[in-house]
1. Would you mind estimating how fast the chain diffuses translationally, via Stokes-Einstein at 20 °C and 1.002 mPa s with the Kirkwood radius over Cα pairs, in µm²/s?
2. Give, to the nearest whole percent, the P(r) tail of the stretch 53-105 beyond 16 angstrom, counting all Cα pairs.
3. Using Cα pairs closer than 8 Å and at least 6 residues apart in sequence, work out the relative contact order for the stretch 30-163, in percent.
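What follows is calculated from the coordinates using simple rules that are stated; it is not laboratory data. Note that the coordinates shown come from a computational prediction; the quantities given were computed from them, not determined experimentally.
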């Protein structure tokens, strides 16, 4: 059974660590997969911050946009890897869904992805509270948003724990959903394959 608390602790630990050093992955097994996925979310978050700057040169924005596309693709690829890990674990343990088991609208991998984004948001909200150059109104607004983040994190963690329990007991089905992103595929993105055709 996957321990949701271990996953959320990983998120909290690594978001602090990666703000002090380069992104790395000291974990193995499922936690290693979760950490890798979170690493791409971390890198994606900070590229998106740069993309919104008004003083960033066009050439830099172009590179940042490409980085965002690449990290987003990898983020989604590793959501699938989390779900694949769960599928393989269920098969290895002979866990099968019951005849009346239903699918959830969201896979455990997608929920873990959302929890990792909440870890990033919470970290940066906390950072805003500690800024010395802000007004009381700003801090009050941030405190309100931070409280919402904590509630959402608790709700999502509880929902994931319940979903995993239902999957393990056969009450819910589990399936990896392929994202099938088209924009990075030169055979599926019309702009890319038409440009290649013209160049040839």
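1. 112 µm²/s
2. Of all Cα-Cα pairs in the stretch 53-105, 65 percent lie more than 16 Å apart.
3. Reported as a whole number, the value is 25 percent.
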